[in-house]
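Structure record follows, encoded as structure tokens.
The values are calculated or read from the model by the stated rules, or taken from the named source; none is laboratory data. Since we're looking at a predicted model, the values are computed, not measured. When we count neighbours, we look across all protein chains shown, and the Cβ atoms used for this are built from the backbone with ideal geometry, even at glycine. Each accessible area value is taken on the protein alone, full model and side chains, heavy atoms only, with ligands, DNA and RNA left out. Shrake-Rupley method; radii C 1.70, N 1.55, O 1.52, S 1.80 Å.
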Amino acid sequence: MLSFLPPVLRGVIAALLLALNTLFWCTPLFALALLKLVLPFRGVRLALDPAIHGIATRWIAGNSAWMRLTQPTRWDVAGIDGLPYAGWYLVQANHQSWVDIFALQHTLNRRIPFLKFFLKQQLIWVPVMGLAWWALEFPFMKRHSPAALRANPALRDEDRETTRRACAKFSLVPTSVMNFPEGTRFTLPKHAAQASPYRHLLKPKAGALALSLHAMGEKFDSLIDVTIVYPHGRPTFWQFMCGRVPEIVMRVHRRPIPPAFCHGDYSADAAFRAQIHGWLADLWAEKDAEIERLLAERRDPA
């Protein structure tokens, strides 16, 4: 533990260790990804995908190691014991910071299959990591403005096709498909602009969840619903690297997925769409109450 060092120095050391860990594991990752690209056969994919996921799992374990070395963060996590590793999961969480991704990976690594995130297409240009996400077959989604969608409704089909192709690959090897239903990180201006009915959350969007369920719903064992709370305020990634996040609270709930959700047509069936929106809204109301309860416990420990 290097907590005796000044925070900025801890941040520099953490950044250096993250970079070294990433470069070390990217070498075999890129080699296997290129081999899979050159030999695009089902048998090759079935042989190489577990190895590729194993590399990613070890990268996450390396990140957990430098986090334990450089950060005095207290982790209060409940609900992860007894999660079966085998199978497929749909995972969702509230979204507040880039720290969320590292927190989810740190907490769920080797407890459920490797997490695959839906990413904004612009992130493919992030040095090294963009190529790593491509090698790991994270789906890159295009974001279109409401005006663009009104002018060209066919643009909606692009994300549907991206999701369909990604889920077809995910269905071959046990995978956890990660979704942030809010679609963006929580900020007070966004919360006010939405007139969100939730105290601590933005309004959830059901589109990505519905597309994933439609593409491979029968594969999913269950929904892993994660609530993330930063009792001392939402941190930036640099604050996290510097060890300036005193506590991270996570509550993990394993929930059944209604079987009917795997067969409906979200885009064409208004009644089905309302059903999924209602289910997600109920989960979000429960999550909002859980966040308030967890924060209240820390404001008034008695």
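How would 111, 299, 164 rank on accessible area, largest to smallest, probe 1.4 Å? Before the final figure, lay out the partial values.
On the way: 111 90, 299 150, 164 125 Å².
Final ranking, largest accessible area leading: 299, 164, 111.
Over the chain, what is the mean sequence separation of C-alpha contacts under 8 Å (at least six apart), divided by residue count, expressed as relative contact order in percent?
On the way: 419 pairs, mean separation 75.5, N = 302.
Relative contact order comes out at 25 percent.
When only the heavy atoms of the protein chains count and the probe is 1.4 Å, how do 297, 290 rank by accessible area, highest first?
Working: 297 90, 290 15 Å².
Largest accessible area first, the list is 297, 290.
So which lysines can residue 142 reach, going by Cα to Cα under 27 Å and dropping same-chain residues fewer than 8 places off?
36, 116, 120, 169, 190, 203, 205, 219
Using a 1.4 Å probe on the protein chains only, how many percent of the accessible area of the chain belongs to carbon and sulfur?
62 percent
Taking a probe of 1.4 Å, how large is the accessible area per residue of the chain, in Å²? Don't jump to the answer; show the numbers that get you there.
Numbers: 14590 Å² over 302 residues.
Accessible area per residue: 48 Å².
Residue 295 to residue 1: extension gain in nm, 0.36 nm per residue of separation minus the Cα-Cα distance?
Values: separation 294, 0.36 × 294 = 105.84 nm, distance 2.74 nm.
Contour length minus the Cα-Cα distance gives 103.1 nm.
Report residue 1's accessible area, 1.4 Å probe, all protein chains in place, as a number in Å² to the nearest 10.
Probe radius 1.4 Å; accessible area of residue 1 about 110 Å².
Just the number, please: percent antiparallel of the DSSP beta bridges in the chain, rounded to the nearest 5. Present the calculation step by step, with values, prior to reporting the outcome.
Numbers: 7 of 28 bridges.
Here the share of antiparallel DSSP bridges comes out near 25 percent.
Just need the Rg to Rh number for the stretch 228-302, please, alpha carbons only, Kirkwood Rh. Before the final figure, lay out each step's value.
On the way: Rg = 17.7 Å, Rh = 15.4 Å.
Reported Rg/Rh (Cα atoms, Kirkwood Rh): 1.15.
Diagonalise the Cα gyration tensor of the chain and give the resulting equivalent ellipsoid semi-axes, square root of 5 times each eigenvalue, largest first, whole Å. If you can, show how the numbers build up before the last one.
On the way: eigenvalues 171, 145, 69 Å².
Here the semi-axes work out to 29, 27, 19 Å.
Using per-residue counts of other Cβ atoms within 10 Å, averaged over each peptide, order 18-24, 215-221 from highest down.
Values: 18-24: 14.1, 215-221: 19.1.
Top to bottom by mean Cβ count within 10 Å: 215-221, 18-24.
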